[in-house]
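Below is one structure; the comments refer to it alone.
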Amino acid sequence: MNSLVQDAAAAGARVGLKSDEIVIRGGKPLIGRIEVRGAKNLATKAMVAALLGDTPSILRDVPDISDVNVVRGLLSIHGVRITDPARGEMILDPSNVESAHFAEIDAHAGSSRIPILFCGPLLHRLGEAFIPDLGGCRIGDRPIDFHLDALRAFGAVVDKNYNGIHLTAPNGLKGAEIELPYPSVGATEQVLLTAVLAEGVTELRNAAIEPEIMDLIAILQKMGAIVNVEPNRVIFIEGVKSLRGYTHRAINDRNEAASWAAAALATKGDIFVEGAKQQDLMTFLNVFRKVGGEFDVHEDGIRFYHPGGELKPVVIETDVHPGFMTDWQQPLVVALTQAHGVSIVHETVYENRFQFTEALNDMGAQIVVHKDGLKGAERRVARREFEQAAVITGPTPLHGADIRVPDLRGGFSHLIAALTAEGESKISNVGIIARGYEHFVAKLRKLGADFDFAG
Ligand code: EPZ
């Protein structure tokens, strides 16, 4: 796995960032209007789904982010021709899919986890697939056991060797009964992308039902697939002989929208987030209001603002959809450092998602991370041994500091902290933020932030 600095530099370079450092002078409210477009966590999977079609696919509202360019590279080395006829519009032509050398796959994948989702489509198209050692954000071990167990259930042969995993399907792929130990987003996508062309019916239980999953199912249905979403996280997929290309506009990035909302709250600002959708953010909006933020829902977006007055502490437990999403906690924690009282954030999805709090404490926050989580009330998913909790005591004034971004959402949280703090902060590894936040520097400029960025 690359070092964090290498990842940041590579991620930044993929979207044309010339510098990996930003200097922010905080204390100014962010005010203005910005746009969020297609979701990172859907667009990258939609691009992979194009591999399943016999004809070209058209994906719209593709965000200009580093992770999209990683998938573009991986698809190109597998023979997919990609053209960009307009801003955010991508045509993916899978007519000449071919296998790629594992060293090439490894080089293109870098620290992304996306290669795991190529398995089903490549096994269908080529009868083999290869996965290098996977990376991704350093927020947990992020094993792929659910993925491999599912692929084996379809009849794939999984061969682990020193440079990765090689998969074959000597007898083709057949529908299966699969129960996920945890409603994993990635493993659900794995099953969907494999079952749609497998022989027979697949029954998937304890599936993830995030909005991005529903949008992927909409894409597969457009391609000719038969996917039934039943109550209680059960999905039935009836395999078909062939699929055609799709035309689709990606769901908007609710994680980016929630992040800018958190920035408006912490900086006492007022941001209209064009493209934010209430139905994708219901749980976030409730918590946002409970902390003391206000929002107005419009047809074309949501206005998020600090209405004045004191912020209030809350207890948050991250969860699978429709619970409070794990990707929302890091950006919101900064506002909680300014709340009057003790807030608790119980992280139940990933085992190592509080590293970012170290830098916040260096800036004057009062956050204590408890290695043992909380005995939460009745939950959608069983308690897991690695859960953690952060106890945030506020309000404490924040002051500028030199910070190194640890991961994507932690990085955005550090941007918010620097914008909220008195004085100057120097943030490095900002390339990591470009992995999932489109044109974040231009958006900061639009919102009146005071900063220097050499890139
Ligand atoms: C997706 O990751 C998102 N990433 C994550 O967003 C998001 O946090 C996560 O779903 C949960 O909503 C993308 O879509 C690219 P999981 P994914 O499989 O699919 C464990 C961001 O910031 N697990 O639902 O990797 C796993 O370790 C990123 O945009 C296994 O144990 O998440 C974790 O504890 C971060 N074995 C939990 O399940 C497996 O085989 C949830 O993982 C698979 C997962």
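Bear in mind these aren't lab numbers, they're just calculated from the coordinates by the rules spelled out. No experiment lies behind these values; they were computed from the predicted model shown. Cβ coordinates were reconstructed from backbone atoms using ideal geometry, including for glycine residues, and neighbour counts include every protein chain displayed.
Here are the numbers for the structure shown:
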item: Sites matching chymotrypsin sites (Phe, Trp or Tyr not before Pro) across region 255-342 that sit in DSSP coil, with at most 14 neighbouring C-beta atoms within 10 Å; result: none
item: Additional length obtainable on full extension of the chain from Gln6 to Val240, 0.36 nm per residue less Cα span; result: 80.0 nm
item: The chain - mean residue ellipticity at 222 nm from DSSP helices (-39,500 (n - 2.57) per run, n ≥ 4, rounded to 500); result: -9000 deg cm²/dmol
item: Angle between the chain longest axis and helix 408-420 axis [Cα atoms, degrees, rounded to 10]; result: 20
item: Relative contact order computed over region 322-451 (Cα-Cα under 8 Å; 6+ residues apart), in percent; result: 27
item: Computed FRET value (nearest 0.05) for Lys290 with Tyr162, which takes r as the C-beta separation and R₀ as 56 Å; result: 0.65
item: Total charge dipole magnitude, region 167-262, about the Cα centre, Cβ charges on Lys, Arg, Asp, Glu only, Debye to nearest 20; result: 300
item: Eligible lysines near Lys40 by straight Cα distance, threshold 18 Å, same-chain separation 8 or greater; result: Lys277, Lys443
item: Cα-based shape type of region 331-455, given that a ≥ b ≥ c are square roots of the gyration tensor eigenvalues and the cut on a/c is 1.5; result: prolate
item: Dipole moment magnitude, nearest 20 debye, region 298-390 about Cα centre, only Lys, Arg, Asp, Glu C-beta charged; result: 220
item: Three-way shape call for the chain based on the alpha-carbon gyration tensor, with the a/c threshold at 1.5; result: prolate
item: Cβ-defined net charge surrounding Pro56, 10 Å radius [Lys, Arg +1; Asp, Glu -1]; result: 0
item: Acute angle (nearest 10 degrees) that the helix 66-77 long axis makes with the longest principal axis of the chain, alpha-carbon atoms; result: 20
item: For region 49-171: rounded, prolate or oblate by the Cα gyration tensor [a/c cutoff 1.5]; result: oblate
item: Region 239-333: trypsin sites (Lys or Arg not before Pro) falling in loop per DSSP and having at most 13 other Cβ within 10 Å; result: Lys241, Arg244
item: Sequence-distant aspartates and glutamates (8 or more away, or on other chains) whose Cα lies within less than 13 Å of Lys174; result: Glu199, Glu203, Glu238
item: Lys, Arg +1 and Asp, Glu -1 on Cβ, resulting dipole of the chain about Cα centre, debye, nearest 20; result: 440
item: Sites matching trypsin sites (Lys or Arg not before Pro) across region 6-35 that sit in DSSP coil, with at most 10 neighbouring C-beta atoms within 10 Å; result: Lys18
item: Relative contact order (%) - criterion: Cα under 8 Å, at least six apart; region: region 286-325; result: 33
item: Footprinting exposure proxy for Val201, Val68 (fewest neighbouring C-beta atoms within 10 Å first); result: Val201, Val68
item: Centroid-to-centroid separation of region 349-373 and region 414-455 [C-alpha atoms, Å]; result: 21
item: Residues of type aspartates and glutamates that Lys290 reaches as a straight line, Cα spacing below 16 Å, ignoring anything fewer than 8 places off in the same chain; result: Glu310, Glu317
item: Rounded tilt (10° steps) of 40-49 against the dominant C-alpha axis of the chain; result: 10
item: Relative contact order of the chain, defined on C-alpha pairs under 8 angstrom at six or more residues apart (%); result: 22
